[in-house]
1. Considering only residues that are polar (S, T, N, Q) and assigned to a helix (DSSP H, G or I), look in region 80-97 and name the one that is nearest to the chain's Cα centre (by Cα).
2. How many residues are in contact with a helix residue (DSSP H, G or I) (Cβ under 7 Å, 6 or more places away or on another chain) and either over 11 Å from L120 (Cβ atoms) or of a type in the set (K, R) (or both) if we restrict to region 89-105?
3. On the given criteria, is K40 of a type outside the set (G, A, S) and at pLDDT 75 or above?
4. For region 116-128, how many residues are among the aliphatic types (A, V, I, L, M) and loosely packed, with under 15 Cβ neighbours inside 10 Å?
5. Just to be sure before I move on: is S86 among the hydroxyl-bearing types (S, T, Y), exposed (fewer than 15 other Cβ atoms within 10 Å of the Cβ) and without any contact (Cβ under 8 Å) to a residue 40 or more places away in the chain in the structure I sent?
6. Which condition number in (1) surrounded by 14 or more Cβ atoms within 10 Å (Cβ to Cβ); (2) free of Cβ contacts under 8 Å to residues at least 40 places away in the same chain; (3) in a helix (DSSP H, G or I) is the one that E100 fails?
7. Of the residues that make up region 20-28, is at least one modelled with pLDDT of 75 or more, surrounded by 11 or more Cβ atoms within 10 Å (Cβ to Cβ), closer than 30 Å to V116 by Cα and not β-branched (V, I, T)?
Amino acid sequence: MGLLNAIYSYKSENGVLFATYASACVRNRMVSAARSHMAKRNLPLNFSLPFDDIVNLGSVEDDPQEILAAKEETARLLEIINFKLSGFEKSVLKRYLTGESYEQIAKALDTNAKAVDNALQRIKKKMKSTD
């Protein structure tokens, strides 16, 4: 998109080489895309599962070994939630999983959005741990 924008908006009378102009357009478009990706409105998507992973969960019923592995993973995650997460982290996770925004969670728990974000980062780290 940045290159296409450069092609349509380039004016040779400005005295700038096309390669220089195109490079700046592409770089600016990449920076803009990165900022947009990391915007708060996209944070829930950054923590979501790929659709293929969700669809593949249905096929677990076919293989007894996969059923057992899924049950063990579920038990592990429940153990983490019940024993490793603080009360605040449990509350944040519950509200986050119901689709509430950081601001809504913060208001409901009488805290700020940064504390909610920090709690979600700790939860993510604990959920990935294999201890």
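The values are calculated or read from the model by the stated rules, or taken from the named source; none is laboratory data. Since the structure is predicted, the reported quantities are computational estimates derived from the model, not experimental observations. Cβ atoms come from the backbone with ideal geometry, glycine included; neighbour counts cover every protein chain shown.
1. Here is the first cut: in region 80-97, the residues polar (S, T, N, Q) are 82, 86, 91.
Keeping just the survivors that are assigned to a helix (DSSP H, G or I) gives 82, 91.
Details: N82: 23, S91: 19 Å.
Here the answer is S91.
2. Start the filter on region 89-105 by keeping residues that are in contact with a helix residue (DSSP H, G or I) (Cβ under 7 Å, 6 or more places away or on another chain), which leaves 89-90, 92-93, 95-96, 102-103, 105.
If we keep only those that are either over 11 Å from L120 (Cβ atoms) or of a type in the set (K, R) (or both) as well, we get 90, 95, 103.
Qualifying residue count, region 89-105: 3.
3. Values: of a type outside the set (G, A, S): yes; at pLDDT 75 or above: no.
Considered against the rule, which asks whether it is of a type outside the set (G, A, S) and at pLDDT 75 or above, K40 comes out as no.
4. First, the residues of region 116-128 that are among the aliphatic types (A, V, I, L, M): 116, 119-120, 123, 127.
Applying the additional criterion that residues be loosely packed, with under 15 Cβ neighbours inside 10 Å yields 127.
Residues in region 116-128 being among the aliphatic types (A, V, I, L, M) and loosely packed, with under 15 Cβ neighbours inside 10 Å: 1 in total.
5. Numbers: among the hydroxyl-bearing types (S, T, Y): yes; exposed (fewer than 15 other Cβ atoms within 10 Å of the Cβ): yes; without any contact (Cβ under 8 Å) to a residue 40 or more places away in the chain: yes.
Yes; evaluated as a whole, the condition is true for this residue.
6. That leaves (3) as the condition not met.
7. no
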